[in-house]
Amino acid sequence: MNFTAKIHAKDLVSSGYPVLVVPAFEDAGFPSELKDLDKSWRGLLQSAYRNDVQKDDGALYIVPTPLGKGIRRVAFVGMGKYEECNLDTLRRGAGTASGKLRKIDVGRVVFLLEPFVPMDEDFESAGKALIEGARLGAYYFDRFKSEKDTHELIGAELHLPRAMGAKAKALVPMLDEVLTVTTSTILARDWENTPANFATPTHLAQLARDIAKEAGLSIKILEAKECEKLGMGAFLGVARGSIEPPKFIVLDYKPRKFSKTFAFVGKAVTFDSGGISLKPGLDMHIMKGDMGGGMAVLATMRAVGILKPDGIRVLGIVPACENMPSGTAQKPGDVVSTQSGKSIEVLNTDAEGRLILADGLEYARREYRPTAMMDVATLTGACVIALGEEIAGFWTDDEAMSDAIIKAGAETGEPVWRMPLHKSYERYLKSDFADTSNIGKKEGGAVSAALFLNKFVGETPWMHLDIAGPFWSPENKAYIPKGSTGYGPRLLVNFLKNWIGSVDQG
Ligand code: BES
Ligand code: MN
Ligand code: ZN
């Protein structure tokens, strides 16, 4: 977990880097920044670049030094067309490089920053993307393997020429931020990959305490009894099928002065079997990651506590429980009451996320009167059908939040797409026996889930973010591993920044 990020402004030829990572674009020539190094390497780099280096996305070509001293190797990473290159191309290139170079024990990777900078970007955002991609691309999860992965990447660094010392200095604060946010991403990956017999609500509560301590946040953990007193019947209804006690986690970042409050509410179902409305067995194991929304919120709170934004209070509210079938489990047709007083007919016990969020959102509203709030959840398979495995759907009537999340998605490479809060479908949620049913129709299932949640937010500006697609990857990609992707913290930290900016102006 120890990882360092640095920036150097010095002479390249005498730098002694274990590896210098250089972009190879299809539509750009040999990088001029390498000329002197290449001279000392007797033209080896240029001839490799011309004849052997593949320049398409995902390629890596390593040239070892012919000298036996100085820079040990140069790695050309294929980047496709410079004209089409953006920050996510950089993350992918850096991830490809670090993932492969980690395995040959280079220790740390150094990027030749200048030729990487895309057309419309500056050094800071390019450098940030490279370090982010390098760190996230070096991720592996071997907690449960007896044979440990011994190849460790311990750092990612940026190289600028000596003459750019001032520029290099200006980039230093960015390095801390990248480390903070990538550590949070990795934390989310680790916990979502951890199976449900090791990641219970009780463990999650302990994790939240550790985060509170590390990041200087206040914490409150409500036990089942207190939740009962508060009337959280929907949350407790989901939890009652499991022998694991539920935990209602609240993390609070509260600076001395603040003029607005933002609340995140994250779904943390540490295992979703479906309950009595049992899921089919195929791929059920992935439901160990059904706390992806809760982890995104906990990991974001960790970053917020460390980065300490001004003038804003931020809450992370995470109802955590298991959804299990048993003799004590809730049954289809059961009616539960929420903290808001509204009753819900549970027509399908597998639509449990929205139940625990209903109590979570109501608690956020009542207890903290937030300026705005957002729930984050692996909520519906229907959202995965609609948008696929890389894109999260969001629903809101609030333009400021909508703008802030779209901008964040573009900046972090965690894409989001706005979905309709189509009020007409509310009719599908009608119940014959309670104020609302917990399911709508199969068609537009992600929309009815959002409309259900909408019933519990009152007048508070609100957004619902369904991350059921992107929280998990079925394949290894450049900087996204198979399994949990750690989707969320990077997006949400960036979202908060954008949102603070926009409400400050307006
Ligand atoms: N956790 C699931 C949604 C999910 C599915 C997340 C696949 C990630 C990947 C959620 O609790 C669920 O089971 N939703 C049901 C709702 C339905 C019963 C209305 C679904 O999507 O099938
Ligand atoms: Mn479910
Ligand atoms: Zn679920």
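Every read-out reported here was derived from the displayed coordinates using simple, explicitly stated rules and does not represent laboratory data. The model shown is predicted, which means the values in this text are computed figures rather than measured ones. All Cβ positions, glycine included, derive from the backbone under ideal geometry; neighbour counts span all protein chains shown.
How far apart, in nm, are the 7 Å Cα→Cβ label points at E124 and D11?
3.2
Could you pull the Rg and Dmax for region 4-185, using just the Cα atoms, both in Å?
Both quantities, over Cα of region 4-185: 15.6, 49 Å.
Please work out the Kirkwood hydrodynamic radius for region 150-219, using every pair of different C-alpha atoms, and report it in angstroms with one decimal place.
15.3
Which value in nm describes the separation of the simple spin-label points at D283 and I243, placed 7 Å from the Cα toward the beta carbon?
According to this spin-label approximation, the distance is 3.1 nm.
Suppose the Debye formula is applied to equal point scatterers at every Cα of the chain; what is log10 I(q)/I(0) at q = 0.13 Å⁻¹?
Result of the Debye calculation: -1.15.
Quick check of the Kirkwood formula: for region 203-505, what is the inverse mean of 1/r over all pairs of different Cα atoms, in Å?
18.9
In whole angstrom, how far apart do the alpha carbon centroids of region 155-211 and region 319-373 sit?
32
If you filter region 97-197 for trypsin sites (Lys or Arg not before Pro), then keep DSSP loop positions with at most 16 other Cβ within 10 Å, what is left?
Filter output for region 97-197: K103, R143, K145, K148.
So how do 490-496, 117-123 stack up, highest first, on mean other-Cβ count within 10 Å?
Averaged packing, sorted descending, gives the order 490-496, 117-123.
Return the subset of K69/K148; K100/K477; K81/K407; K288/K430; K128/K497 for which the Cα-Cα distance in this structure is over 21 Å, preserving the input order.
Where the Cα-Cα span goes over 21 Å, the pairs concerned are K69/K148; K81/K407; K288/K430.
Between K100 and R42, what is 0.36 nm times their sequence separation minus the Cα-Cα distance? Round to one decimal in nm.
Here the segment from K100 to R42 would lengthen by 18.3 nm.
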